[in-house]
Structures are given as structure tokens and as C-alpha cells.
Amino acid sequence: MSAPLCSFYLDESLYGIPVGLVQEVLRGQVLTPVPLAGRGVQGILNLRGRIITVLDLRARLELPARPPDAPSMHILLDHGQETVGLIVDRIGDVIEVEEAEFEPLPKTLEGAPRELLRGAYKLSDRLLLALDVEKSIAAA
Amino acid sequence: MTNDADFIKDFLIESHENLDKIDGHLLVLEKNPTSPESLAEIFRAFHTIKGTSRFFSFKRIEALTHAGEDILSRLRDGRLAFGRTVAGALLGLADEVRGLLKSVEATGQEGTKPAGPANGPMQNLESTAVVDGTLRVGVEILDRLMAEVGELVLARNQLMQRAADQRDGVITAAAQKLNFIISDLQTQVVKVRLQPMSSLWNRFPRLVRDLCLTLNKEVKLLMEGADIELDKSLLEAIKDPLMHLVRNAVDHGIEKPEARRAAGKPLIGELKLRAFHEGGIVHIELSDDGAGLHTEAIRAAAVSRGVVTAEDAGRLGEAETWALIFTPGFSTASEVTSVSGRGVGLDVVKTNIEKIGGSVDVHSVPGKGAVFRVKIPLTLAIVPALLVVCQGQRYAIPQMDLLEMVRLRPGGAARIEWVQDAPVYRLRGRLLPIVFLGQALGAGAPVETSDVCIVVLRAGRASFGLVVDRVLDTEEIVVKPLGRHLKSIPVFEGATILGDGRAALILNVPGLAQTAHVVRDLHGNVAPPEPEKKPEPKAPTQTFLLFAGPDNGRMAIPLSDVVRLEEFPPEAFERVGSEEVVNYHGEFLRVLRMASLVVERRRAPRSAAGLFRGRRRTHMVVCRHHGRAIGLVVDKIMDIVEEPVAGLQAGSRECVKGTTLVRGRVTELLDIDALMARARPSEHFPEEGAA
């Protein structure tokens, strides 16, 4: 059994989300910051006339803040009626993962990442962290 | 259920085709005056139009086409010879019919105006779709246009990024030009899809008239705000829901004339449709002066349908009971009439409106009537806005909230002054509270206070000055909604895409006033800026204004509904008819006294006047909700608290939403909707006589 995941890098960790949820991948977008929106919101962007909210998962995953001028890509997700964007460092490949290689999270992992990650897939050379998309992009 | 509009549309298209056929065959007859084929075709064409027009009761068209048939029979029988006069008469007839068809197209009725001047047949070569200099275009074509313009914008963005680096001046200039053209194209295409509400509403007078005939009722339909524009797709989506609400109001809302007379109401019922645009939302209100919603009947029906248990039903407040009518399969009408239908009920109306992101609710006063309120967030509204710069970012301020602009220069006499720690500006003798936009958006205290631009804005009845870094220009912007992560930020009401393709936030002026504390705290000072928003609070809290109600009970109202706290000497309050008002900044503000509103439990109620006699100052809370304002007179303002909203027990008195514990004491939470309804919700401020 395998399922294709769209992978991406955040702070050198590799994450994956089901490819079916990915609408589009964008490069080089100019975001408008939204004051008062909290750390998890990177800003809004104009996608062919629509306003898309772009989220920064680093806050929710308790990773250090994104350095300004860091290279970025945007993954646009289909979220019910709305398209939501994720800002990531780099896009990885589409990876076919084997369910047999799935491991739930270690009990030693605490805090927010526990809520947002389903578990990890053991790839040949590294771990791919499977993101729970629903929880990750839920509005506060 | 027949869809009149579609049938009429078909009738119009078909009739125009037949009229064109008549013209064509008349030309043939001019060359060959006895051509049997042409005579037959012309007769057939008149006959077809006559038949269908009779179906719709278009009597004038029927009469004209009958006359046309008549002439044709005489031509066929040889009783009349075809010549210039006959040709002229037939052409004139055809043109008169065209004129009436135009009227049908525009208003759904033939009208009583004399038909337009007769044009020669050759002059009317334009396609049947052209009416009054406008053009009918299929929605699919518009959708494609929109999609392609969207792609153009994307490509333009990419080009602009590179063009800036170009040394070649020609490329840069061309790219710039392309930029402007595409931005304008984008705006125009968006505008094309906007249609006025009247295109939907103009079928309603006919609908109401027909309903009245069928149901033996008399109803007058008033419409206000028909020129508000909405995207075509939104209009399509609310067409059926609105029609259903109108049917519902005439069928179940307005009583038969005998019942109205018995209730002392005018025989002719009144149905009022009102549309207005506020804060990026289009509001449509349908109010009737009928029997209103019968709360007990609704509760009983809900219990018998198993929607609520008998126990829960007893605890439902008014607003919650009314909301029950939107549940599926709900109908309290004792006879299911052919007009409103069975089960095709308000739940479908609600679903269809929610599908486009809108909401619908109802408010009623038993015996007096009901108001259905539909709210549609605008994805494609175009409003004029002022663009300003703050901290290097551009923001849009809707022009309707803009009063004026002031530029302060360093070293000039005019400057921002401080009342304790509240910044103010002297504007023509009055002190204008000042808000620094940067500060309101989370930056620290302002650095620059002497070389600034002040944008004077209106928030409810108050005004304040917003300090920004720079003022750009006024533009027509397309209001787009923010997604669910950002919707609840009070200072933003949406976003827009500027000419250079970048997104910019649109400021919500009332939200800004609120957040920046143009509301005073207890001591009459501007409260210090709110501490940084706590991330992920454990339980949702809300900020309330606490005050003492009658019986010295504790009452609360959400602070977001409060604009100001005021004090007046008792003489400031005046009576206008049965209402009480106070002169508030030059306008009359409707006043409600808590003592008279909330039924006291004492057996011997104290009079309102007695309660306030002897007090030197009366405390009034100015409340604003959905654009309407009232002044609430209370005994004593107690505190402003932030409390978790939990454990709300249904309220047992009118105007009370429920009771909860605030700081350990039982507190009644006011139902602001009910309060507003008491102040006659359809007017901003009371005027004598209905609008």
C-alpha cells in the first residue's frame, strides 16, 4: 500500500502532505503582511484575483521563526471552500511512501508538534514527518 | 413551480424572431404581392405571438397581433390588396409590438406608456438581445473572460518583476503600460458582472400582485436600495430565496384584511424590501407588518417534530425560537398552501444563502410583524477608498467613513496634544481623539508626531483622527473577503488587489475605533493600549461592560456593541411621541431606559421618572449594532471585564439573552438584537411616520 506525499522542507526537517490536497505550488510570491494576525500567519497574497491567506507552520510546530529573506516557496492547499497557502523553505519530491514504513510519534515528543504530526515514514536516508493537515491549518 | 422569468425570456426571444420573420416576408411581398407562402408565414407569426401573449395576459400585444391576423386574412381572401399603405400598417403594428416587448423585458409587464415610435423595418437590424444600449452576454463567456484576465494578471506580475531590472527603457515602458492596461481590464471585467438588485427585484411587484389576487389579501410592496449592485452569480443565488421569502411574507405573514381590521391595522399590508451596503456586506431586509412569528406555536411545532424536547423548548429564548423556523421540514402553517409549498421551506432558503457565504435570520414582534435579514458578504464589491501608507505598507480606508484630511507640518502651530496619555488634535475648536495607525496595528508608541497626516474618520456617531505616514490617492477598489484565519481581526474588513497586483488590507473603521479605545473607560480617560493578544487562549473570552440594572441586578453587554459612555443631565432627554430621545452630537438618539425595558419582578413597579429624580447626571451607554445606534440609560456603570463565555442559561425576561456568572456573581447578558428591535430597527434614528 502506498500513498503519494508532496514533501517540503522546513528548517531542514522534511514533511509530507497528501498530494491530493495540493492545488498548486508557487515561487517568488510577494506577500502582504497582516498585522495582529499572530505568528502563524505569514501574510496574504494575490492569486489571480483571489486573496489567499498564507500560513507559517513554524510557529505551530514550535520551530524558530523564519529568517527574513530566506528563500521560500508556497504550497496552496484546497481546504473546503477556501484555498490556504503554506510557506515553506524548499519543495521536495513527490514521494510514494509505504504504510509499512510508518511509525507513530515517539512518546518522548512533547508539545504542539505532537498534535500536528501523525507520525513519521522511514525513508531510506531520512525520516519524513507526516503532517496532519486538518489540524495544522485550522483557524485558531 | 413554474419559473415565469424563463418562460417570458423564451417568449421574448421567440416573439422577436417572429417579428423579424414578418419583416422579412413583408419585403418579399413588396416584390411579389400575392406570394401565398409569405402571406401564410406572416399570418402564422402573428398567430403564434398572439397565442403566447394571451397565456401571459399581455392584452395589448394580443390585441395588436389579432389586428395583424385580421389584415392578413383579408389579404389572403383578396378583400384587401397589398400595397404601400398595407405594408406600412403591418410594419407599424410589428414595431408597436416590439415596443411592448421591450417594456415586458424591462419590467415584466406591458406597461401603459404608448408604444415607441414606429421605426422602419430595416432600422431594427440589431439582434433581439440589444435593449436600450445594453447587451446581453452569456454568463459562461463572462466566466471565461474573468479566468483569462486572471491569468493575464499573473503573467503581468511575473513580467513586472523582471521588467524592473531591465536596462532597456522600451521594455520597461511597455511593461508599465501593460501593467496599467491589465489592471484596468481586471477592474472592468469585475464590473461587468455586477448587476443592480433591481434586475432581481423588478419581478416582485408582479409576484406580490398575483399572490394578493390568489390569496385575497392586499399588500403594498416598497423597495429601497434597488440600485445596490451585486455580482451576477450572487444575484442568481439569492433569487429563489428572496422570492420564497416574499411569498412567505404575503402568504403567512400578512393577515387577511378582516383579521387586520380586527387588529386595528390598516387594511393594506406593507412589505418592505430594503438593501444597503455596509462594511463589505450587502444587507437585504424584508419586513412585513403582519402577524409576526407566534413563539408558542413555533415551540409547540418544534417539540411535536422532535426538533427539541419539551424541556429544552421551555428554556429557549425568543431569538432561538425564531431561529427554529429555519430547520428542515418546519412549517406551522395550518394549511399548506399551493403558494408556499410543502417542505420547500425556510431551511432551503437558509442553505442557499449560506452556500454563498451569507446568513439569514429573522426577528419578530408578535402582532406587529417580522423582519427577515439576509447578509451577503461581498466578494466583488467596488468601493471608493483612500490609500494610505503606514510602516511601509499600504492600507485602504473606505471613503464612506472618511470625513476629511489634515496635514501637520513640523514647527507649525497645529500639533497633536496630549490629555494625560491620550493624544488629541484640536479640529475647529473640538478635541478629536487621535489614533496612531502603526500603534493600533501592533507597532510600539509613535515616534513621529509632528510631521504627520491625520485622516479624520467617522465611527458611528463619533469621529477620530487616524495618523498615518502618508496619504496616497483615492481609488476604486474591489473588496475581497479575508479567509477564516483573518476574518475575526476587528481592524480589517477585507482585502483588495492594488494596481500593481499586490494585496492590501482594507481597514474596518469601527473595528479600529473599538480596538484603539475610542471607547472611554470608567474614569473618562482613554484606556491604555490593549496588551499583546494572547496566543491560543484556553477558553474563548469576551469583553463586557457591566452595569447595574433595575433591582440593582447586574447586567452586561458585549463591549464590542458599545461605542461610548455618556452622561447627561435629566433635562437633556426629550419625548417624541411615545419614544424618548436625546440630542446627541446634533442628532436625535433613540433612548431606552433599562428600568422600563426589563419587566421588574417587584409587584409595584417604580416609574421611570421616579427612578431618576434627584440624580444630577444620567448615565447612558451608546450602543451600536449593525449600523444602528441607541442610547441605553442605566443606573450605574460598574466595570469592564473580560470573561469566558460559558454556561449561559437562557434568559427569562425579554431583552435578556441569558444569565451567566461574571466574577462569581449572577449577571444577565442583554440581547442586543432585542434591544435594537425595541427601538424600531428599520430606522437609524427615529423619524415620525414610517420611511
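The values are calculated or read from the model by the stated rules, or taken from the named source; none is laboratory data. Because the structure is predicted, anything quoted here is derived from the model rather than measured. Quick reminder, even Gly has a Cβ in these numbers, built from the backbone with ideal geometry, and neighbours come from all protein chains shown. All accessible areas refer to the heavy atoms of the entire protein, side chains included, with ligands and DNA or RNA removed. Shrake-Rupley method; radii C 1.70, N 1.55, O 1.52, S 1.80 Å.
Within region B:432-445, can one find any residue that is within 13 Å of chain A (Cβ to nearest Cβ), under 22 Å from the mean Cα position of the chain (by Cα) and crowded, with 22+ Cβ neighbours inside 10 Å?
No; the residues of region B:432-445 include none that is within 13 Å of chain A (Cβ to nearest Cβ), under 22 Å from the mean Cα position of the chain (by Cα) and crowded, with 22+ Cβ neighbours inside 10 Å.
Do you know which residues across region B:447-466 are surrounded by fewer than 23 Cβ atoms within 10 Å (Cβ to Cβ) and in contact with a Gly (Cβ under 6 Å, 6 or more places away or on another chain)?
Selection gives B:VAL456 alone.
Among residues belonging to region B:197-229 that are modelled with pLDDT of 85 or more and assigned to a strand (DSSP E or B), point out the one that is most open to solvent (accessible area, probe 1.4 Å).
Per the stated criteria, the residue is B:LYS220.
Quick check, is A:ALA120 surrounded by 13 or more Cβ atoms within 10 Å (Cβ to Cβ), part of a loop (DSSP other than H, G, I, E, B) and of a type in the set (Gly, Ala, Ser)?
Values: surrounded by 13 or more Cβ atoms within 10 Å (Cβ to Cβ): yes; part of a loop (DSSP other than H, G, I, E, B): no; of a type in the set (Gly, Ala, Ser): yes.
Judged against the criteria, A:ALA120 is not a match.
For the subset of region B:438-496 comprising residues that are assigned to a strand (DSSP E or B) and among the acidic types (Asp, Glu), which member is farthest from A:ILE52 (Cα to Cα)?
The residue in question is B:ASP473.
Scan region B:454-463 and give yes if some residue there is within 14 Å of chain A (Cβ to nearest Cβ) and within 31 Å of the chain's Cα centre (by Cα), otherwise no. Don't jump to the end; show me each part of the working.
Let us first name the residues in region B:454-463 that are within 14 Å of chain A (Cβ to nearest Cβ), namely none.
So far as region B:454-463 goes, no, none of its residues is within 14 Å of chain A (Cβ to nearest Cβ) and within 31 Å of the chain's Cα centre (by Cα).
Here are A:ARG66, A:ARG118: which of them is under 25 Å from B:GLN158 (Cβ atoms), more than 14 Å from chain B (Cβ to nearest Cβ) and basic (Lys, Arg)?
Criteria check complete, one pass: A:ARG66.
For A:GLU101, only one of the following conditions fails: (1) among the charged types (D, E, K, R); (2) away from chain B (no Cβ under 13 Å); (3) within 30 Å of B:ASP500 (Cβ to Cβ). What is its number?
(3)
B:THR321 - would you say it is in a loop (DSSP other than H, G, I, E, B) and either modelled with pLDDT under 90 or surrounded by 14 or more Cβ atoms within 10 Å (Cβ to Cβ) (or both)?
No, not satisfied.
Within the bounds of region A:88-97, is there any residue that is open to solvent by 40 Å² or more (accessible area, probe 1.4 Å), modelled with pLDDT under 90 and closer than 29 Å to B:ILE497 by Cα? Steps first, please.
Filtering region A:88-97 for residues open to solvent by 40 Å² or more (accessible area, probe 1.4 Å) gives A:90-91, A:93-94, A:96.
Adding the requirement that they be modelled with pLDDT under 90 leaves none.
No, the conditions are met nowhere in region A:88-97.
Check A:SER72, A:SER13, A:SER7 and return the single one that is of a type in the set (S, T, N, Q), more than 14 Å from chain B (Cβ to nearest Cβ) and within 30 Å of B:GLY499 (Cβ to Cβ). Before the answer, list the steps.
Details: A:SER13 fails: within 30 Å of B:GLY499 (Cβ to Cβ); A:SER7 fails: within 30 Å of B:GLY499 (Cβ to Cβ).
Result of the check over A:SER72, A:SER13, A:SER7: A:SER72.
List, please: which pairs have Cβ atoms under 6 Å, are six or more places apart or on different chains, and start with a residue in region B:148-160 that is closer than 15 Å to A:ARG50 by Cα and end with one that is surrounded by fewer than 17 Cβ atoms within 10 Å (Cβ to Cβ) and aliphatic (A, V, I, L, M)?
B:VAL149/B:LEU185
Name the single residue that is nearest to B:GLY494 (Cα to Cα) among those in region B:354-400 being of a type in the set (D, E, K, R) and in contact (Cβ under 8 Å) with a residue 24 or more places away in the chain. Quick ask: steps written out before the conclusion?
Let us first name the residues in region B:354-400 that are of a type in the set (D, E, K, R), namely B:354-355, B:361, B:368, B:373, B:375, B:394.
Okay, now just the ones that are also in contact (Cβ under 8 Å) with a residue 24 or more places away in the chain, so B:355, B:361, B:368, B:373, B:375, B:394.
Details: B:LYS355: 19, B:ASP361: 23, B:LYS368: 37, B:ARG373: 22, B:LYS375: 16, B:ARG394: 13 Å.
Top of the filtered list is B:ARG394.
Of these, B:LEU403, B:LEU431, which one is among the hydrophobic types (A, V, I, L, M, F, W, C) and under 30 Å from B:LYS191 (Cα atoms)? Spell out the reasoning first.
On the way: B:LEU431 fails: under 30 Å from B:LYS191 (Cα atoms).
Of the residues listed, the single one that is among the hydrophobic types (A, V, I, L, M, F, W, C) and under 30 Å from B:LYS191 (Cα atoms) is B:LEU403.
Listed residues A:GLU103, A:GLU110; which is among the acidic types (Asp, Glu), at pLDDT 90 or above and over 27 Å from A:THR53 (Cβ atoms)? So that I can check it myself, show each step before the final result.
Working: A:GLU110 fails: at pLDDT 90 or above.
The match here is A:GLU103.
Is there any pair linking a residue in region B:473-496 that is in contact (Cβ under 8 Å) with a residue 60 or more places away in the chain to one that is acidic (Asp, Glu) and assigned to a strand (DSSP E or B), with Cβ under 8 Å and at least six apart or on different chains, and which?
Filtered contacts from region B:473-496: B:VAL479/B:GLU493.
For region B:564-579, which positions are over 19 Å from B:LYS636 (Cβ atoms) and open to solvent by less than 60 Å² (accessible area, probe 1.4 Å)? Quick ask: steps written out before the conclusion?
Within region B:564-579, the first condition is being over 19 Å from B:LYS636 (Cβ atoms), and the residues that meet it are B:571, B:574-579.
Within region B:564-579, B:VAL576, B:GLU579 meet the criteria.
Would you say B:LEU466 is touching a Leu at 6+ places or on another chain (Cβ under 6 Å) and either within 14 Å of another protein chain (Cβ to nearest Cβ) or of a type in the set (Lys, Arg) (or both)? Before the answer, list the steps.
Working: touching a Leu at 6+ places or on another chain (Cβ under 6 Å): yes; either within 14 Å of another protein chain (Cβ to nearest Cβ) or of a type in the set (Lys, Arg) (or both): no.
The answer is no for B:LEU466.
Could you grab me the full set of residues in region B:352-402 that are open to solvent by 10 Å² or more (accessible area, probe 1.4 Å), more than 14 Å from chain A (Cβ to nearest Cβ) and assigned to a helix (DSSP H, G or I)?
Result: B:ASN352, B:GLN399, B:MET400, B:ASP401.
Can you pull out the residues in region A:21-47 that are at the interface with another protein chain (Cβ under 8 Å from one of its Cβ atoms) and over 21 Å from B:LYS487 (Cβ atoms)?
Answer for region A:21-47, where residues must be at the interface with another protein chain (Cβ under 8 Å from one of its Cβ atoms) and over 21 Å from B:LYS487 (Cβ atoms): A:GLY28, A:VAL30.
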